[in-house]
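Asker: Sharing a structure here in structure tokens format.
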Amino acid sequence: MTDNILDAISFPKDLKKLSMSELDKLALELRAEMIAITSKFGGHLAPSLGAIELILAAHYVLNTPKDKLIFDVGHQAYAHKIITGRRDQMYQLRQLKGISGFTKRKESPYDVHDSGHASDSLAVALGLAFARDLDGGDEDIVTIIGDAAMSGGLAFEALNEIGSEQKRMVIILNDNEMSISPSVGAFTKYLSLLRANPAYFKTRDLLEHRVQGNLGNLGNAIVRAGGQLKDAAKQLLVPGMFFEELGITYLGPIDGHSIPTLITTLRHALSMDVPVLIHAVTKKGKGYSPAEIDAEKFHGISPFNVSSGKSPAKQAPISYTKAFADQLLLEAENDENIIALTAAMKAGTGLKDFADTYPERFLDMGIAEEATVTTASGMAIGNKKPVVCIYSTFLQRAFDEIATNVCEPNLSVIFAIDRAGIVGEDGPTHHGLFDMSYLRCLPNMKIMSPSNEAQLKDALYTALRLDGPVAFRYPRGSATGMEIPEQRVFLEPGKSKLVREGSDVEILALGRMTNVALEAAELLEEQGISAAVRDMIWLKPLDYEALKEAASKQVPLVTLEEGAKFGGFSSAVLESLSDQGLCQPVLRIGIEDEYVSQGDMNMLLESVGLSAETVKQKICSFLDLHK
């Protein structure tokens, strides 16, 4: 074995040659490797640091990829990627044409499913167990799920069915929040190992059978009494009774950073012919003090200095998120009926200050988008003004509740949709490309897409003064840097704004694509093409009069949107033109019928044809065809 153990690890089978002390040393080397990688490219460092021993123990015991190791969300899987033949590729982590920050089946046979959204791993594991048993297979199935993901409704639904079906599988609960006193931990560790021993179950069942058989009705009474006493003792002493009552054997809590303990417990669990949950207590950011101290910051970190843990200071304009959050605070000062809700994204949606200022008017429901939206509907029925702040990609989980609980009764619930459009390095599971399509079809829903930070503030101001459901979408990252007027403007529904005159072509733009359209118009002017630009503002209702006016000029039209073309803004424009009997050449520029990769946001916008230069080129080609 070399001095650097990691250099000798190409695939998981190489782990089986290591001693326990060598595995511990490998864990340290993996931490150093991940810190070095994420310091250059950013990434989900704290979750991955906390899961290293879990991953090493699982791969040490399992025979992957035949056996299946499943990750929930997948942002804790960096060690898994490194030891499954992708160490060199980690230096293109989350970059365009590089590897994903989550598990992806196309990357490796060791990646069982495409992860990215929380709470789905247990249902995936159950499906795999069904398929295995139908085929008469013998592979082991192990899933690693965090305590936050376990709180999601999808996870609870799967747990209920796992307990009912009794399929052989192991769930490792990666708990990085709970602290356990040594006495309780030692007792439950002993009890867990005892209950994991198959001899325990055989002895218990044999004794119960003999007592019942030899003593008749008295024996039955003794067994019933014994069962009641046993259940009472378990309720008192065993912290995992919730899982036990569901029919899932509970082992733990155990030290999630002790590889020998993890290996021993996992082997016991895999020897049982029932679903088993191993409760492993870990520390987020383990082994890197800045990440241990501020795990929230290092959950998803931009490039940073390893020695200090600090990211380079940036002189950037206010973010769209901050602009929204500041306006929400101002509105809440004057309206005590405003309530802010989110689903495990208090910091990400900019609501920390709101929560600190108005704790009684703030609700974080955890990874439970459906419940969050439905709760907001109840608040609206109670004459409050709920503002639901959720990322675009996560809000789509609550489509049914938006349709049934909010839109059908026409309740005044506001949806502040953060991270709309291209979001960058987190990739296809996190881009907010579908919200216009999945919201536009809902009756009673009104939808805005502000083009700058001032208009975003106006969008919230407007939404709070309208009846019925209103959504407004805005992107991740820095806004335009414009000076924001103090006076807010009511944005009349269905009214757009012509922001540049032109005679050869008219660009109908939505959201921050309005700014791209203005840049493209400047480039077109250099080539002698006069382009008008209209900031549509509203996706629903559309400005039908503006479309009619644009068509009357008898110039080609261009729609520009940062979202899926199918069912989105351009579809709405074509439908409106058709409904009005208007026949006009239209170039649709937006996201094609595809999922967009991970990478730098500006590079991605260029790659999907949404940069000013690519928009200019497309318009030039289009105009050549319609001379």
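The values are calculated or read from the model by the stated rules, or taken from the named source; none is laboratory data. Computed from a prediction, not measured in an experiment: that's the story for all the values here. Positions of Cβ are generated from backbone atoms using ideal geometry, with glycine treated the same way; all protein chains shown enter the neighbour counts. Please note that ligands, DNA and RNA were not included when accessible areas were found on the heavy atoms of the full protein model with its side chains. Shrake-Rupley method; radii C 1.70, N 1.55, O 1.52, S 1.80 Å.
Asker: Which listed residue (SER19, GLY101, SER151) has the Cα farthest towards the positive end of the charge dipole for the chain, taking +1 on Lys and Arg C-beta and -1 on Asp and Glu C-beta about the Cα centre?
Answerer: Among SER19, GLY101, SER151, the one farthest towards the positive end of the dipole of the chain is SER19.
Asker: Next question, about the same structure. Could you work out the percent of alpha carbon pairs in the range 497-592 separated by over 19 Å, rounded to a whole number?
Answerer: Within the range 497-592, distances greater than 19 Å cover 33 percent of Cα pairs.
Asker: Taking amide H positions as placed in the peptide plane 1.01 Å from N, state which residues far from ILE254 in sequence (5 or more) or on other chains have amide H under 5 Å from it.
Answerer: Close amide H contacts, sequence-distant or interchain: HIS279, ALA280, VAL281.
Asker: Provide the per-residue ³J(HN,Hα) series for the range 399-405, in order, calculated from phi with Karplus coefficients 6.51, -1.76, 1.60 and θ = phi - 60°, each as a whole number of Hz, with x at glycine and proline positions.
Answerer: Karplus values, whole Hz, x for Gly and Pro: 4, 4, 5, 4, 5, 8, 8.
Asker: Could you order GLU425, GLU575 by accessible surface area, starting with the largest, using a probe radius of 1.4 Å?
Answerer: GLU575, GLU425
Asker: Around VAL112, what is the net charge, scoring Lys/Arg as +1 and Asp/Glu as -1 over all other residues with Cβ under 14 Å from its Cβ?
Answerer: -1
Asker: OK, next. Would you grab the residues whose amide H sits under 5 Å from the one on SER412? Only those 5+ places off in sequence or on another chain, please, with H modelled 1.01 Å from N.
Answerer: GLY468
Asker: For the range 300-353, compute Rh as the Kirkwood radius over C-alpha pairs and then the Stokes-Einstein diffusion coefficient at 25 °C and 0.890 mPa s; write the answer in µm²/s, rounded to an integer.
Answerer: Translational diffusion coefficient: 182 µm²/s.
Asker: How big is the range 82-158 in terms of Cα radius of gyration and Dmax, in angstroms?
Answerer: Computed over the Cα atoms of the range 82-158, radius of gyration and Dmax are 14.6, 41 Å.
Asker: Send over the semi-axes of the range 471-525's equivalent ellipsoid, whole angstrom and largest first, taken as the square roots of 5 times the C-alpha gyration tensor eigenvalues.
Answerer: 22, 16, 12
Asker: Bin by bin, in steps of 10 Å, what percent of the Cα pairs in the range 536-596 do you find, going until the bin that has the longest distance?
Answerer: With a bin width of 10 Å, the distribution comes to 22, 56, 19, 2.
Asker: Cα to Cα, under 20 Å, and not fewer than 8 places away if on the same chain: which lysines meet these conditions relative to LYS497?
Answerer: Counting by Cα, and skipping residues close in sequence, LYS497 has these lysines nearby: LYS446, LYS457, LYS540, LYS548, LYS553.
Asker: Still on this structure, please answer the following. Roughly speaking, to the nearest percent, how much of the chain's 1.4 Å accessible area is carbon and sulfur?
Answerer: It is 52 percent, rounded to a whole number.
Asker: If you don't mind, there's one more thing I want to ask. Provide, as a two-decimal number, the C-alpha radius of gyration of the range 431-498 over 2.2 N^0.38 Å, N being how many residues it has.
Answerer: Cα-based Rg divided by the globular estimate yields 1.16.
Asker: Here's something else I'd like to know. Using only protein heavy atoms and a 1.4 Å probe, report how much of PHE434 is accessible, in Å² to the nearest 10.
Answerer: Spelled out: PHE434, probe radius 1.4 Å, area about 60 Å².
Asker: Could you work out, for the chain, what percent of all Cα-Cα pairs fall into each 20 Å distance bin, beginning at 0 Å and stopping at the bin that holds the largest distance?
Answerer: It works out to 18, 44, 29, 8, 1, 0, in whole percents.
Asker: Now for a different question. Pull up the cross-link candidates among the lysines for LYS104, meaning alpha carbon to alpha carbon under 18 Å and not fewer than 8 places away within one chain.
Answerer: Partners within reach: LYS66, LYS68, LYS81.
Asker: Along the positive direction of the dipole of the range 267-340 (beta-carbon charges: Lys, Arg +1; Asp, Glu -1; about the Cα centre), which of SER271, SER289, PRO303 reaches farthest?
Answerer: Selected residue: SER271.
Asker: Quick one: dipole size for the range 256-351, taken about the Cα centre, charges +1 on Lys/Arg Cβ and -1 on Asp/Glu Cβ, in debye to the nearest 20.
Answerer: Charge dipole, the range 256-351, about its Cα centre: 680 debye, nearest 20.
Asker: Related question: Taking the range 522-564 as the region of interest, what is the percent of Cα-Cα pairs per 10 angstrom bin, listed from the shortest bin to the one with the maximum distance?
Answerer: 21, 49, 27, 3
Asker: At 222 nm, what value in deg cm²/dmol follows for the chain if DSSP H runs of at least 4 each add -39500 (n - 2.57) and the sum is divided by all its residues, to the nearest 500?
Answerer: The helix contribution divided over the chain gives -13000 deg cm²/dmol.
Asker: Now a separate question. Could you work out the relative contact order of the chain, using alpha carbon pairs under 8 angstrom and six or more residues apart, expressed as a whole percent?
Answerer: Result for the chain is 11 percent.
Asker: Calculate the dipole size of the range 15-118 relative to its Cα centre from +1 charges on Lys and Arg beta carbons and -1 charges on Asp and Glu beta carbons; express the result in debye to the nearest 20.
Answerer: Dipole size: approximately 340 debye.
Asker: Suppose accessible area is computed on protein heavy atoms with a 1.4 Å probe; arrange VAL608, VAL573 from highest to lowest.
Answerer: Listed by decreasing accessible area, they come as VAL608, VAL573.
Asker: May I ask you to list, by number, the DSSP H helices of the chain whose Cα span along the axis is at least 24 Å and whose average Kyte-Doolittle hydropathy reaches -0.5 or more?
Answerer: Going by DSSP H runs, the hits are 20-41, 198-237.
Asker: List the aspartates and glutamates whose Cα sits under 15 Å from the Cα of LYS97, skipping any in the same chain fewer than 8 residues away.
Answerer: Output for LYS97: ASP88, GLU107, GLU425, ASP426, ASP600, GLU606.
Asker: Further, regarding this structure: Is there a quick way to get the dipole size of the range 474-627? I mean about its Cα centre, with the Cβ of Lys and Arg at +1 and of Asp and Glu at -1; what is the value in debye to the nearest 20?
Answerer: 300 debye
Asker: Quick one: how many Å² of ASP14 are accessible to a 1.4 Å probe, rounded to 10?
Answerer: That residue has around 10 Å² of solvent-accessible surface.
Asker: Which whole-number value in Å² is the accessible area per residue of the range 445-574, probe 1.4 Å?
Answerer: On a per-residue basis, 36 Å².
Asker: May I pose another question? Loop only by DSSP, 15 or fewer other Cβ within 10 Å of the Cβ. Give me the chymotrypsin sites (Phe, Trp or Tyr not before Pro) in the range 522-577 that pass, ordered by residue number.
Answerer: Of the chymotrypsin sites (Phe, Trp or Tyr not before Pro), the ones in loops of the range 522-577 whose Cβ has at most 15 other Cβ atoms within 10 Å are PHE566.
Asker: Report the one residue of PHE354, ASN410, ASN176 whose Cα lies farthest in the direction of the positive end of the charge dipole of the chain (charges on C-beta: Lys and Arg +1, Asp and Glu -1; origin at the Cα centre).
Answerer: ASN176
Asker: Tell me, what is the 1.4 Å probe accessible area of ASP273, in Å² to the nearest 10?
Answerer: Looks like 120 Å² after rounding.
Asker: Note down, for the range 1-149, the three equivalent ellipsoid semi-axes (square root of 5 times each alpha carbon gyration tensor eigenvalue), biggest first, whole angstrom.
Answerer: Over the Cα atoms of the range 1-149, the ellipsoid semi-axes are 24, 19, 13 Å.
Asker: I want to check the label-to-label distance for GLU549 and GLU594. Put each point 7 Å from Cα in the C-beta direction and report it in nm to one decimal.
Answerer: 3.7 nm
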